Structure formats: structure tokens, C-alpha cells
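Visitor: First the structure, then my questions, so here it is.
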Amino acid sequence: MDDYVRFYCDDYGSSGGVYAPPPSTGGGSIPGYTPPSFPSPGTSGGSTSSGESGGSSYSGGTSYYGGAGSAGGGDPSLGGSVGGGGSSSDNSTPEFPKGGLDIIPRPEYMRDPQPEVHPLIRSHTLSTYQLDLLLKAFNDLQVEGCLQKALYDALIERNVKLDFGMMTGTAPAAYDPRTKRIVFNDDSNISSANLKEELFHAWQDVYYQGGIEQYGKDAQGNKLPGYVNVEFEAKVFSDVFNNPNFTCCYAFRPGADNLSESLYREYTNWVYDIQEKKIPMQDGDYQYWLNLFNQHSPEYSSSMLESLSTPRAIRELLAQSDCE
Amino acid sequence: MFILIFLQLFLQQVYCQNCPDDIFEIENMSDNPNETLISYKDKNSSQFMHPPTFATPVEMDRAVLVELISIQKLDSIERALFTSEELDCFQRGIAIVYIHIPSGRIVSTSFYLKNKVDLNKLKRLKEEFEKNLYFKVKLAAEIEKEGYWGKSFRIFVSRNRQ
């Protein structure tokens, strides 16, 4: 249906947008013509829960999401008005191209398969606004630091393709190694900070032999051996390779989980010393903090695996990066 | 006599690092005699240990994202209180703050420093942080009851950002 609709909109060349239906009342209907049905609210257009819709654009790439007048597809009362050219307000019959409406697109108008929105996106179910946030998060991540850039480049080099979507959940964002899908639980959580940790999980998934699904949770939700190793490495990545002007830390938080403030302060110092290149990330220190993370983080606590007790995925990224 | 007592109190306020204080619990943490590591722990910090609660289940470690609204403001507070000579010789310190969620206001500030610092200036620094520094707060779920969130950031690094 989308291809069919787009085909005719382009034919009109009105505003680069998506086809808008002719008025359902008033003058001039076309004999034998049944207007195509349109997506129900929120299925494919630019409407978002916050009412931001259509018309936002992504300047990069060849995305058909960009440009003015993309169909809102949502509830007009929320701002998801149907944009695009061709709608008529004076009850006149819209003019159709000679030859009328074809049900099957003519070969000369057939598009290539869906153009690539972003090299890391295989598919998505995001609204235009959400997609813009995601693309901005990708851009922010690349300029945040050399290792963040290395992570981004490494995923592209390994030809990683991910699905993106929204899903209500307990975490602001989550990566599922089984489906290679990253989901966000709210528009406000589509940010580089959340994306970074999930992309790092995607990197671990391709870097560690057999992927990280084997270190996830079983069908009953029990954490499998190695779960804490994989999670801790991602937290350390987020903490150490954070924007130095941001607050610290993700792995530990003062006052949480019976962690003493002095331990938190020690971890913070370790993170800052690595950031400031005063010390390297040594295995002994890493394992010391991994053990404490396992003790103080009930959400992540699991049996630990010796084979994952060093930050190999981080080190591989460092080796590939141009970080000094 | 009065002058002597006044002088003693004054010097105690300025230079004493292990003395009772009304704002901070001051402790020299270093085991190494050649190293200074002084903890200035806010005496009120224990009041602000409880995090917010949420209307739906949420992973607590990522339930709250806070971001300092203005690094420039932090730098300008430091520069207003300390001379450039002081800032040049201070090593990076850590401020551990408790932030009211959802307002983003700092309610408690402790410091961990590798240099001896004028105690009165440090108290002013705490006061200024709590009055003028704000955090942007992002929540992963709808909040049910307000609470506090502990975070840290670096201090005395403004010269690196110039």
C-alpha cells in the first residue's frame, strides 16, 4: 500500500510528500474509484505521543522520511495532520494524471527496495519524530569521543543491521540479542546515552564467539552464567567513555544497594583516572570492580564466567580506534 | 587575650582538616604520608539517601538520567571563589551531590580533594552549588514519589576546559 501511495504522490510532484486522499464529501467523485485506505493512527506516519509529527526532516541520506509534508498518519488533534500536497479545500475534483489511477504501479515508476535510512538500521517501527531522535543520537554518539566513534565504525564494518522500535519496559532502552532489536520505552529515552550502552551490547554480540544470547536469561527469566560479566563491561564502557563533562556513574551510585560512599568514591576515581589517562584499565582493577558490582547490583547479579572476566570487547574497540 | 582566642578560632577554621565542623565531617583518608586525600562529607547527606519511587517497575540503575545544565556555570562559580593561582595548583577533585528528583536541585554536597583547601571557601562552594547548579532530569518511568539521586562530577578542572 505504501508503495502504491508514494508512487502517485511523486507523480504529482506537489510537495514531495505522501499522497493525501481526495475529500470524501463534496463535488466530483471519480466513477469506479474507491479511495485507498490509510494507516490507522500511529502505524506509519509522523505522529508521536507528544504530538510532534510530519514535516520534521532528516537531512542525511536518501531517506523517504524526510522532507516537508510527510503524512502524519496520526490523530490530527495531536498534531498528526495529514500533510502533503493534493488535498483540496474547495470541493473541486483533484486532477489525476492522464491514464488514471493504476492499481499496479507501472514499472517505470517502481522504486528500488526501501532505501536505507541509516547503515545500522535494518528496519524500524519508529515515527518520523522518533526516527529523527534516533538519527540525532547516532550523530551525537559519533562526536562524543573517539571510542564511541570506534564503536559506531566497528558495527558498520561488521555489517551489523539492527531493528529499532518502541516497547514499554522496565529499562529506558534494551537490546535483544535474539532478534537484534533495540527498543526504547519512551521518546525522551531515544538519546545517545541510552543508545551507547545498547550498541555496545550489539558489539559484544558480534565480538564474543557465539554471541551474548548464551549469557542472557532463560525462558523463566533466570540470569545465565556470564550475565553480570556482559552487563558490567557495558557499564564500564558507558562510564569510562562518557562525555567528561557528564556526571558519573552507571555501574555504581552513592546510597544505592548498600554501597558505601567511600567505595563509590573509589570507583569514581578509577573511572576519572582512566579518562584522564593517568592509569590504564588493568585486569586486576577491572575484576575487583566486577566482583563488587556482582555483590551490590541485585538486578545484574549472576554466576560469573572466568572467560569474560576481562574487558576484551572494550580492548578490541580501543585497538581499532584512533584514541591516543 | 581576646585577640589570641580569635586568632586561634580563625586559624582553626581555615586550616584545620580533622577538626569538628558544623557542615562537613572532615577526614584525612590517605594512608600515604606524601599524599593528601581529604574527605569533606556533608553532615546532612544521610537524609537524602532514598531514591524516588516509580509508578511502574523500572531498572533502578537507569531509572534516572541527570545532566548538569551548565558546565560554564560550574566553572564560573569556581573562578569566582578561588584565585587562578589556587585553581592552577589544585588537582582534580570530586563533588558527590544528592539531587532532588524530579526538580533537579542539589540538596547535599560532599567533596573529596587531593589538596588542602580553605574551609570557608569550600563551604561557599557548597552553598553556591546548591543555590545555582541545576540538573536536567530524565526519568525512565512515571514518578510516584519524589526522592533523591546521588551522582558525582569533577571539580577544579575548569582550566582544562578553557
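Visitor: Among the listed pairs A:Lys278/B:Lys41; A:Lys278/B:Lys114; B:Lys43/B:Lys121, which are separated by more than 20 Å between their Cα atoms?
Guide: Pairs exceeding 20 Å: A:Lys278/B:Lys41.
Visitor: Run the numbers for A:Glu157 and A:Lys136: contour at 0.36 nm per residue of separation, minus the present Cα-Cα distance, in nm.
Guide: My answer for the length gained is 5.5 nm.
Visitor: In whole Å, what three semi-axes, largest first, describe the equivalent ellipsoid of region B:84-162 built from its Cα gyration tensor (square root of 5 times each eigenvalue)?
Guide: Working through the eigenvalues yields semi-axes of 28, 13, 10 Å.
Visitor: Expressed as a whole number of Å, what is the distance separating the alpha-carbon centroids of region A:216-264 and region A:182-202?
Guide: Answer, in whole Å: 15.
Visitor: Can you give me the angle between helix B:119-132 and the longest principal axis of chain B, using Cα atoms only, in degrees from 0 to 90, rounded to the nearest 10?
Guide: Once rounded, the angle reads 20 degrees.
Visitor: Going 7 Å from the Cα of B:Arg159 in the Cα-to-Cβ direction, what parts of region B:106-122 have a backbone nitrogen less than 16 Å from that spot?
Guide: B:114-118
Visitor: State the extension gain, in nm to one decimal, for the chain segment bounded by B:Arg79 and B:Thr56, taking 0.36 nm per residue of separation less the distance between their alpha-carbons.
Guide: 4.0 nm
Visitor: Quote to one decimal, in nm, the extra length available between A:Gln320 and A:Cys146 on full extension: 0.36 nm per residue of separation minus the C-alpha distance between them.
Guide: 61.6 nm
Visitor: Further, regarding this structure: Hey, quick one: spin label on B:Glu130, modelled 7 Å out along Cα-Cβ, who in region B:45-69 has an amide N within reach, i.e. under 17 Å?
Guide: B:45-50, by backbone N distance to the label point.
Visitor: Label B:Glu146 and A:Thr179 with points 7 Å out from Cα along Cα→Cβ: what is the distance between them in nm?
Guide: 3.8
A short reminder: the numbers here are calculations on the coordinates, not readings from a lab. From a predicted model like this one, the values you see are computed outputs, not experimental measurements. Virtual Cβ from ideal backbone geometry, glycine too; neighbours counted across all protein chains shown.
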